[in-house]
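Here's the structure, in structure tokens; my notes come after.
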């Protein structure tokens with residue numbers, strides 16, 4: 001599994017669109033090495049000094065890019081991701097929301113075949129605090145430190161990061177999994193990575209109702225797969241069963257996927273559970289000192 005650091009050379013697919021252009025500027029402000037952009041038919045242009053190419057292969061040959069962040073609208077996102085994988089980009093961070101589930105299934109299956117780390121889709125992205133960011137999260141809330149963050153939620157991701165920063169702990173690497181029913185990276189793969197990561201001393205796990213990803217993560221922690229401290233927050237406690245809440249993945253069916261089942265599973269695995277987002281940072285501060 002490949003994440004990012006200050007040496008990652010990023011290509012932005014869909015750089016000439018409004019979102020692509022805006023967030024490329026923010027990523028560069030953060031210190032990310034954005035070395036190229038790709039928009040078919042716009043090769044030869046540049047966006048605020050970043051050269052634009054028609055294809056990723058060309059961008060790779062000319063700029064040495066090795067990771068991709070995708071702002072391509074939903075109908076073209078699968079093709080963009082497949083092109084990135086074909087060219088050896090790793091990780092591939094898919095910001096786009098509204099991608100048909102069938103396209104995402106194909107994307108994730110191809111990623112497994114090629115051994116590519118896909119983050120998302122419908123993700124705010126990932127960040128190595130103080131070094132590099134691929135995504136849309138606000139720059140100012142992150143500060144280099146010792147807490148890894150894994151989140152299914154976008155806004156809570158930023159809020160809890162801000163609380164962790166305010167507690168003086170700072171973050172190591174933070175990853176938004178994405179809010180769709182099917183996503184690339186999951187909690188367990190990231191917990192395995194954080195277990196080995198020397199900079200990460202503890203993890204904030206931000207979940208939400210729907211699916212059983214958090215319960216699986218709890219089983220993994222309980223089995224001894226992850227031994228560092230964990231503090232968790234589950235969003236959507238007041239959700240109505242059967243009603244979709246914001247994210248396509250946030251829907252309760254039967255007794256699985258409820259906030260209670262997730263909190264109980266994580267509590268049983270030894271994680272601290274925050275009643276409010278700020279409690280996650282306070283719990284981590286307590287355990288880390």
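Taken together, the values in this text are just the output of simple stated rules run on the coordinates, not laboratory data. Computed from a prediction, not measured in an experiment: that's the story for all the values here. Ideal geometry is used to build each Cβ from the backbone, glycine not excepted, and the neighbour counts take in all protein chains shown.
Compute the relative contact order of region 137-288 as a whole-number percentage, counting only Cα pairs closer than 8 Å that sit 6 or more residues apart in sequence. Relative contact order for region 137-288 comes out at 25 percent. When DSSP beta bridges are restricted to pairs lying wholly in region 137-288, around 5% turn out antiparallel.
Using the Cβ-Cβ distance between residue 114 and residue 264 with R0 = 51 Å, the FRET efficiency computed as 1/(1 + (r/R0)^6) comes to roughly 0.85.
What ranking do 203, 280, 287 get, fewest neighbouring Cβ atoms within 10 angstrom at the top?
Fewest-to-most Cβ neighbours within 10 Å comes out as 287, 203, 280.
Does anyone have the angle between helix 277-288 and the longest principal axis of the chain? Alpha-carbon axes, 0 to 90°, nearest 10? Helix 277-288 sits at roughly 80 degrees to that axis. Sorting 61, 97 from the fewest to the most surrounding beta carbons within 10 angstrom yields 61, 97. Once the Cα atoms are used to define both axes, helix 213-222 deviates from the longest principal axis of the chain by about 60 degrees. For the chain, find the longest principal axis of its Cα atoms and tell me its angle to the long axis of helix 74-86, 0 to 90°, nearest 10. Its long axis makes an angle of about 80 degrees. Estimated from the Cβ-Cβ distance and a Förster radius of 35 angstrom, the FRET efficiency linking residue 46 and residue 2 is about 0.80. Roughly what % antiparallel, to the nearest 5, for the DSSP beta bridges in the chain? Bridges in the chain are about 25 percent antiparallel.
Listed options for Cα extents along the principal axes in Å are (1) 50, 49, 31; (2) 50, 42, 41; (3) 55, 40, 30. The value calculated from this structure is the one marked (3). Counting only DSSP H runs of at least 4 residues, each contributing -39500 (n - 2.57), and dividing by the residue count of the chain, the helix-based mean residue ellipticity at 222 nm comes to -11000 deg cm²/dmol. Expressed to the nearest 5 percent, the antiparallel share of DSSP beta bridges inside region 9-119 is 10 percent.
Taking Cα atoms of region 9-119, Rg/Rh with Kirkwood Rh, to two decimals? For region 9-119, the value is 0.94. Taking 28, 143, 196 as the candidate residues, the one with maximal mean-square fluctuation in a Gaussian network model of the chain, Cα springs under 10 Å, is 196.
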